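The values are calculated or read from the model by the stated rules, or taken from the named source; none is laboratory data. Note that this is a predicted model, so its numbers are computed, not measured. FYI the Cβ positions are ideal-geometry reconstructions off the backbone, even for glycines, and counts take in every protein chain you see. Keep in mind that these areas ignore ligands, DNA and RNA; they rest on the heavy atoms of the full protein, side chains included. Shrake-Rupley method; radii C 1.70, N 1.55, O 1.52, S 1.80 Å.
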Amino acid sequence: MATRAVKKGDRYVINGTKCFITNGPVANLITIFAMTDASKGVKGISAFVVPTKTPGFSVAKWEKKMGIKGSPTGELVFEDVEVPAENLVGEEGKGFVYAMKTLDTSRPVIGAQACGLARGALEQAIKYAKERVQFGRPIGSFQGIGWMLADMAAEIDAARSLVYQAARLVDEDSPNKSYLSACSKLVASDVAMRVTTNALQIAGGYGYMREYPFERMMRDAKITQIYEGTNQIMKLVISRELLK
Ligand SMILES: Cc1cc2nc3c(=O)[nH]c(=O)nc-3n(C[C@H](O)[C@H](O)[C@H](O)COP(=O)(O)OP(=O)(O)OC[C@H]3O[C@@H](n4cnc5c(N)ncnc54)[C@H](O)[C@@H]3O)c2cc1C
């Protein structure tokens with residue numbers, strides 16, 4: 001973590017850059033993590049709330065993305081951004097703990113996003129499979145297509161159950177919440193990628209065209225395997241919990 005926050009009297013002065021920040025370019029208020037004591041490693045990280053109207057804050061870049069184009073992503077710059085000491089979130093040096101707790105909560109949310117996307121793609125695929133006629137029959141009546149739909153539906157229901165279970169453990173503040181949060185994001189995002197890819201396949205050539213929503217759903221699904229920690233990192237979290 002390269003961003004620094006230095007205490008000066010009753011204020012903190014923040015300097016650094018944050019990349020790929022969801023909704024950053026349009027936010028009024030930002031939560032930022034910064035090093036208040038670099039010598040302490042993760043125990044030197046603190047969290048702050050920064051109103052974006054504060055002098056020294058700027059948006060350096062709006063990213064051009066593959067998908068989720070409804071949500072702007074940007075690079076944010078903090079140049080001698082001064083905030084009152086009361087803008088420190090919780091205690092100094094506890095930022096890493098807050099970040100990890102936040103991720104436990106937000107990962108099932110990404111799982112839920114993935115389930116919603118997958119369900120939408122399945123609904124579109126079912127509609128298409130009923131309407132499109134080839135060789136004198138709706139394509140859904142071919143076993144090859146019907147079984148694809150069955151796999152998609154079963155996987156979505158399994159992923160949704162896992163997301164609900166993880167959300168319950170987060171609500172209960174269970175000791176297993178990190179494990180199941182990571183599992184729910186890993187499974188649901190992989191399901192979303194598979195389901196959206198297969199939904200596009202069911203729509204054939206039209207699946208590839210922008211006229212239909214399939215290609216957008218496939219592009220949107222990809223991010224759920226990346227942000228809030230990649231799925232490789234989810235496996236790291238899960239295996240660490242298993243080997244504790
Ligand atoms: C659209 C979008 C929005 C985002 N929004 C936000 C946001 O609002 N706030 C925010 O803080 N961040 C945000 N991010 C950042 C996002 O969380 C990171 O991009 C993501 O966690 C991956 O980190 P990275 O890009 O540095 O990839 P890297 O860490 O460089 O990873 C590259 C590859 O190496 C693999 N890898 C890395 N380490 C390991 C390891 N130990 N074992 C095995 N494989 C490994 C990764 O899985 C990946 O496949 C956003 C990103 C995107 C694309």
- prompt: Can you name every residue in region 72-105 that is assigned to a strand (DSSP E or B), away from the ligand (no atom under 13 Å from the Cβ) and among the charged types (D, E, K, R)?
  reply: Glu79, Asp80, Glu82
message: Here's a check for you: in region 210-227, which residue that is open to solvent by 60 Å² or more (accessible area, probe 1.4 Å) and within 11 Å of the ligand (Cβ to nearest atom) is farthest from Lys127 (Cα to Cα)?
response: Ile226
field: Of all residues making up region 1-44, the number that are within 13 Å of the ligand (Cβ to nearest atom), in a strand (DSSP E or B) and not small (Gly, Ala, Ser)
entry: 10
query: What is the one condition in (1) surrounded by fewer than 19 Cβ atoms within 10 Å (Cβ to Cβ); (2) within 30 Å of Val237 (Cβ to Cβ) that Val77 does not satisfy?
result: (2)
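Would you pick out the residues in region 55-107 that are of a type in the set (Ser, Thr, Tyr) and farther than 16 Å from Val42 by Cα?
Ser58, Ser71, Thr73, Thr105, Ser106, listed by residue number.
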task: Test each condition in (1) open to solvent by 70 Å² or more (accessible area, probe 1.4 Å); (2) touching a strand residue (DSSP E or B) at 6+ places or on another chain (Cβ under 6 Å); (3) more than 15 Å from the ligand (Cβ to nearest atom) for Trp62 and report the one that comes out false.
output: (3)
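Can you list the helices (runs of 4 or more DSSP H) found entirely within region 161-244 that contain at least 2 residues being among the small types (Gly, Ala, Ser)? Show your work before the answer.
Details: elements: 177-202, 204-207, 214-223, 231-243.
Fully inside region 161-244 and qualifying: 177-202, 204-207.
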- prompt: With respect to the numbered conditions (1) within 12 Å of Gly93 (Cα to Cα); (2) in contact with a Leu (Cβ under 9 Å, 6 or more places away or on another chain), which one is the sole condition not fulfilled by Ile45?
  reply: (2)
